[in-house]
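A short write-up of the structure that comes next.
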Amino acid sequence: MSLKDKIGEDIKTAMKAKDKIRLETVRSIKKVLLEKEVELRDKGKDSLSPDDEVQILVQQAKQRRDSIEQYLKANRPDLAEKEEAELAVIETYLPEQMSDEELSEVLDQIIAQVGASSPKDMGKVMGVVMKDLKGKADGKKIQELVKTKLAE
């Protein structure tokens, strides 16, 4: 089942369950997917690839994390709570997130593979890492770990 079909089913389920947050979130995901699909039609493609779908979901999750951070800084826990609920829904569609240990192992392998030895090589490492781990770990967390590992 494609992501688009799954989202369609989830909209129906959320409507029947009267789950307002889930319904709003899933509808917003569907909206973004449709907008991206329309953009692609202009470029000659007729549908999103699974990688494109994951990238869109990653962007949506990142937006929610950023909003949570901003709302907490502004002392608005009510709004942060809503964003956290939406983030939880979005994460159900993302690939399973890697644990810190798994992430660390993969980063060690990639750093060795690329031959990185100093913080100056961060760009080389991040390019490979983000391509390999798309959607499987938070970009900020990856960046911090790479920075730490290259500084050692």
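The values are calculated or read from the model by the stated rules, or taken from the named source; none is laboratory data. Note that the coordinates shown come from a computational prediction; the quantities given were computed from them, not determined experimentally. Reconstructed Cβ throughout: ideal geometry from the backbone, glycine too, with neighbour counts over all protein chains shown.
Quick check on the stretch 83-90. Is at least one of its residues in contact with a Ser or Thr (Cβ under 6 Å, 6 or more places away or on another chain) and of a type in the set (A, V, I, L, M, F, W, C)? Don't jump to the end; show me each part of the working.
If we filter the stretch 83-90 for residues that are in contact with a Ser or Thr (Cβ under 6 Å, 6 or more places away or on another chain), which is where we start, we get 83, 86, 89.
Still in the list and also of a type in the set (A, V, I, L, M, F, W, C): 89.
Looking through the stretch 83-90, at least one residue is in contact with a Ser or Thr (Cβ under 6 Å, 6 or more places away or on another chain) and of a type in the set (A, V, I, L, M, F, W, C).
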Subject >> Residue in the stretch 1-35 that is surrounded by the most Cβ atoms within 10 Å (Cβ to Cβ), counting only those that are basic (Lys, Arg) and closer than 16 Å to Ala61 by Cα >> reply: Arg22
Original post:
Name the pairs: first residue in the stretch 103-129 and among the hydrophobic types (A, V, I, L, M, F, W, C), second residue assigned to a loop (DSSP other than H, G, I, E, B), Cβ to Cβ under 6 Å, at least 6 apart or on different chains?
Top reply: Leu103/Ala137; Val125/Ala116
Subject >> Subset tally (residues that are part of a helix (DSSP H, G or I) and surrounded by fewer than 13 Cβ atoms within 10 Å (Cβ to Cβ)) for the stretch 36-58 >> reply: 6
Subject >> Matching option when the condition is more than 22 Å from Lys147 (Cβ to Cβ), at pLDDT 85 or above and within 13 Å of the chain's Cα centre (by Cα), among Leu79, Leu87 >> reply: Leu87
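Quick grid of which residues meet (1) closer than 25 Å to Pro50 by Cα; (2) surrounded by 13 or more Cβ atoms within 10 Å (Cβ to Cβ):
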| site | (1), (2) |
| --- | --- |
| Gln70 | no, yes |
| Lys73 | no, no |
| Ser99 | yes, no |
| Leu103 | yes, yes |
| Leu107 | yes, yes |
| Ile111 | no, yes |
| Gly127 | yes, no |
| Lys134 | yes, yes |
| Leu150 | no, yes |
Original post:
Of the residues in the stretch 77-94, how many are surrounded by 14 or more Cβ atoms within 10 Å (Cβ to Cβ) and either in contact with a Lys or Arg (Cβ under 7 Å, 6 or more places away or on another chain) or outside any helix (DSSP H, G or I) (or both)?
Top reply: 7
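Hey, among Lys43, Lys36, which residue is over 18 Å from the mean Cα position of the chain (by Cα) and without any contact (Cβ under 8 Å) to a residue 24 or more places away in the chain? Show your work before the answer.
Details: Lys36 fails: over 18 Å from the mean Cα position of the chain (by Cα).
The conditions single out Lys43.
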Original post:
Are any residues in the stretch 9-33 touching a Lys or Arg at 6+ places or on another chain (Cβ under 6 Å) and touching a residue at least 40 places away in the same chain (Cβ under 8 Å), and if so, which ones?
Top reply: none
Original post:
Val129 passes all but one of (1) hydrophobic (A, V, I, L, M, F, W, C); (2) within 16 Å of the chain's Cα centre (by Cα); (3) under 26 Å from Asp5 (Cα atoms); which number fails?
Top reply: (3)
